[in-house]
Amino acid sequence: MPSTTPSRGNILYGFVCGPLLTPVSVAANTSAEQSFTVPGLQLNDIVDVNLFGAVQTAGVGITNARVSAANTLTLLFTNSTSGGVIPAAGTYAIVVTRPENVPLPTSAV
């Protein structure tokens, strides 16, 4: 009889890093991806990113974060204002979770 237990994944390990990032302008009322070199990131890492110790530019949000290639962090900045804005430059806190198994399981049960 086949197993009814769904596959589950484990966290291989996690770490935190804080690179200095300098984003460029994002046009009015739009979202734009920007890529940054962050040594140590691997494809399939799960990342959570926040500006550390500073205030983000008004009207700007980080609406997605992903590792698009080895050593490459890609952030989707969203500008909800009626003019072009530059997301804040500074130290961005990145919490990296590296899964043990990829692809990720489809259920947490």
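The values are calculated or read from the model by the stated rules, or taken from the named source; none is laboratory data. Treat the numbers as computed from the prediction; the structure is a model and nothing was measured. Positions of Cβ are generated from backbone atoms using ideal geometry, with glycine treated the same way; all protein chains shown enter the neighbour counts.
Values as computed for the structure displayed
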{"read-out": "Filtered residue count, the range 67-99, keeping only those that are out of contact with any Asp or Glu (no Cβ under 6 Å at 6 or more places or on another chain), under 15 Å from SER35 (Cβ atoms) and surrounded by 17 or more Cβ atoms within 10 Å (Cβ to Cβ)", "value": "6"}
{"read-out": "Filter pass, ILE46 being touching a Lys or Arg at 6+ places or on another chain (Cβ under 8 Å) and of a type in the set (A, V, I, L, M)", "value": "yes"}
{"read-out": "Enumeration of residues in the range 9-59 that are aromatic (Phe, Trp, Tyr) and not in a strand (DSSP E or B)", "value": "PHE52"}
{"read-out": "Among the candidates VAL55, VAL60, VAL67, VAL95, residue that is in contact (Cβ under 8 Å) with a residue 40 or more places away in the chain and not polar (S, T, N, Q)", "value": "VAL95"}
{"read-out": "The range 40-66 - residue that is within 17 Å of VAL16 (Cα to Cα) and hydrophobic (A, V, I, L, M, F, W, C) and, of those, surrounded by the most Cβ atoms within 10 Å (Cβ to Cβ)", "value": "LEU41"}
{"read-out": "Residue among ALA93, ALA88, ALA65 that is in a loop (DSSP other than H, G, I, E, B) and either more than 25 Å from GLY9 (Cβ to Cβ) or in contact with a strand residue (DSSP E or B) (Cβ under 6 Å, 6 or more places away or on another chain) (or both)", "value": "ALA88"}
{"read-out": "Residue satisfying all of: in the range 1-28; over 23 Å from the mean Cα position of the chain (by Cα) and surrounded by 10 or more Cβ atoms within 10 Å (Cβ to Cβ); modelled with the lowest pLDDT among these", "value": "PRO6"}
{"read-out": "Residue that is nearest to the chain's Cα centre (by Cα), among those in the range 86-109 that are modelled with pLDDT of 75 or more, more than 13 Å from ILE46 (Cβ to Cβ) and among the β-branched types (Val, Ile, Thr)", "value": "THR91"}
